[in-house]
Amino acid sequence: MKPTGTDPRILSLAAEVAKSPEQNVPVILLKLKEIINNTPLGSSELKKIKQDIYCYDLIQYCLLVLGQDCSRIQGGWTTVSQLTQILSHCCVDLDPGEDAEEFYKELLPSAAENFLVLGRRLQTCFINAAKGEEKDEILHFFQIVTDSLFWLLGGHVQLIQNVLQSDHFLHLLQTDNVQIGSIVMTLLQNILQINSGDLLRIEGKILHSILDEVIFKILSTPSPVIRSTSTKLLLLMAESHQEILILLRLSSCYKGLRSLLNKQETGTEFSQELTQLVGLLSPQIYQEEDQKLHQAACLIQAYWKGFQTRKRIKKLPSAVITLQRSFRSKRTKTLLKLNRQKEEDDLRLQLQLQRHRAMRLSRELQLSMLEIVHPGQLEKYNREMEEKSALIIQKHWRGYRERKKFYQQRPSLTEYKAAVTLQRAVLKFLAKCRKRKKQLAPWQRLQELTDARRLELKQQVDDYIRRHPGSQMSGVASKELHAQAQEQLQHYFMGRTLEERAQQHREALMAQISTNIEQLMKAPSLKEAEGKEPELFLSRSRPVAAKAKQAHLTTLKHIQAPWWKKLGEEPGDEIDVPKDELNIELGTLFIGGTKPP
């Protein structure tokens, strides 16, 4: 729920952030710094402004910007460092109201973690920087980020435990750089001065890692600044917590620490703190032999644990990258497999539907053909379909058999091709060898012809010319011969066209006669014919109609003739009909399929 009486500057800024593109948001958010600086510190007006900034999600926008890549942000590290200051100032002395649980359990830990991540990025940039001015600028940004983190921890003490348990903080603490290490050690000292009780609430392994690193910096770092800060830090930890002091005195991990501290240089700036620390670590009874063993073990463990921890932390990003790469690869393969399986299922279903559709169309086509075919032709049609089906089955079977034979003969065919290739190569090689020998062979000069040999060869040439005289033809005769050949070729083509037409006409007549014969054979008798069945006896062929008319007239004359004219005739004898009567009758004959004149 948005609060009433909101500052108009916050309203306009929130509207501008909502309407602006993503790359302009960081620069717009920098205007919050001017608003906060112009408001008196600790006043109720400042608290109201912070509450308005939180309610309009501008703090969340700052967190999102800090989580992005700094190279993509306009202004780079300058903008990022200023946003960290804005975020830390806005989160301190802020009353979240109804969203207190989300603010304290999610937003604040996320902000502290983002500050530590930014510190690690700045540490990496500082190490990789080549110029001195660039290093000074990055170190300045790092100091701003650590100050912002300290300000945030000062306002919210419950975050100290989260910061101390973070791997990023441990990585910053274990740096070998003098300047970065000094800033981090100072930050840890200031944190413990605020609330050192959280140091005992962290895990024992992390506590040992912090103590190991502090002791390592006291004993092995050549920089007096880091040694002084580390000594003061270890003294603060030992004075604040009796448990840590007992751990440093009695633990086998830190045996010999007092003797190593005694060997440190005296007369330095931190000699007083070092003396106090040695006094705290000195027990009432301390044997010399145990002291030497403790010294050796402490040194070895400090070096070894520091080395192992640095090695593990250096390998951690590569291990995470490898794990992410393998997980993404496995996920991609799984998705590809699922997509491929889905495509195969879709293709299988589509093929099945196509087969069903084709089968249905084939059956519908067969039914429509059965409806069109005459009942008398049904048996013939079925027989033709069975023959076609048998031919298709035989064709597929023969194809399968031949393919099977081919696959069985493929090795021998491959061997044959290989043999042919080898033979071809060998023959080419032998031909090259023979050609090379001929080229290298000494040239043999031809024998000169004698006069008698010349006369003999000339006589042979004259005899051949006399036996085989050349044919001579004029141009006019050649043109006439060409014209005759073209005329004969044209006559042949025209005759062949007429012959083809006549052959087609004969085939059509034969098919028509065959159809008429089949219809007549299968038609019922005239006594039983009903409806349109008598039309089956009509013929479209004039010769057939004439022959039928002749047979009909013969039968009528034979029936109407007197009995005495039938004496001596046998039933199979034909009766001659005059041609005039036949022509007269044909004039009035109805021929099926033609119109009467």
Rounded to whole Å, give me the distance from the Cα center of the range 171-196 to that of the range 475-514. 114
Let's test the formula: R0 of 56 Å, r as the Cβ-Cβ distance of LYS205 and LYS342. What FRET efficiency results, to the nearest 0.05? 0.70
For the range 130-205, one quarter of the surface area of the C-alpha convex hull, expressed in nm², comes to 5.3
I'd like the distance separating the alpha-carbon centroids of the range 366-401 and the range 141-161, in whole Å. 92
HN-Hα couplings for the range 217-231 via Karplus (6.51, -1.76, 1.60; θ = phi - 60°), in whole Hz with x for Gly/Pro, come out as 5, 5, 8, 10, 7, x, 6, x, 5, 5, 5, 5, 5, 5, 5
As a test of reading the structure, rank GLU386, GLU402 by solvent-accessible area (1.4 Å probe, protein chains only), most first. GLU386, GLU402
When the convex hull of the Cα atoms of the range 75-126 is projected onto a plane and the area is averaged over all directions, what value comes out in nm²? 3.9
Carbon and sulfur atoms account, in whole percent of the 1.4 Å probe accessible area of the range 15-59, for 51
How are the C-alpha pair distances of the range 41-114 spread across 10 Å bins, as whole percents from the shortest bin up? 18, 51, 26, 5
Apply the Karplus parameterisation 6.51 cos²θ - 1.76 cosθ + 1.60, with θ equal to phi minus 60°, to every residue of the range 202-211 and state each ³J(HN,Hα) to the nearest whole Hz, in sequence, with x for glycine and proline. 7, 5, x, 5, 5, 4, 4, 5, 5, 5
Carbon and sulfur together cover what percent of the accessible area of the range 159-213 at a 1.4 Å probe radius? 42
What the 5 Å binned alpha carbon P(r) of the range 104-263 shows, as percent of pairs per bin from 0, is 1, 8, 18, 21, 21, 14, 9, 5, 2, 0
Under the Karplus curve 6.51 cos²θ - 1.76 cosθ + 1.60, θ = phi - 60°, whole-Hz ³J(HN,Hα) for the range 96-108, x wherever Gly or Pro sits: x, x, 6, 8, 5, 5, 5, 5, 7, 9, 10, 5, 5
Scattering profile of the range 303-459 from the Debye formula, Cα beads only, expressed as log10 I(q)/I(0) at q = 0.10, 0.21 Å⁻¹, is -0.89, -1.27
Rule-of-thumb check for the range 80-198: C-alpha Rg over 2.2 N^0.38 Å? 1.07
Using the heavy atoms of the protein chains and a 1.4 angstrom probe, tell me the accessible area per residue for the range 156-247 in square angstrom. 36
Cross-link reach list, lysines versus LYS292, counting only Cα pairs under 21 Å and skipping chain neighbours closer than eight places: LYS217, LYS255, LYS263, LYS305
Per residue, how large is the accessible surface of the range 341-436? Use a 1.4 angstrom probe and give square angstrom. 95
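The values are calculated or read from the model by the stated rules, or taken from the named source; none is laboratory data. Predicted model, so just to flag it, every value in this text is computed and none were measured. With ideal geometry, Cβ positions are generated from the backbone for all residues, glycine too; neighbour counts draw on all protein chains shown. Accessible surface areas use protein heavy atoms only, side chains included; no ligands, DNA or RNA. Shrake-Rupley method; radii C 1.70, N 1.55, O 1.52, S 1.80 Å.
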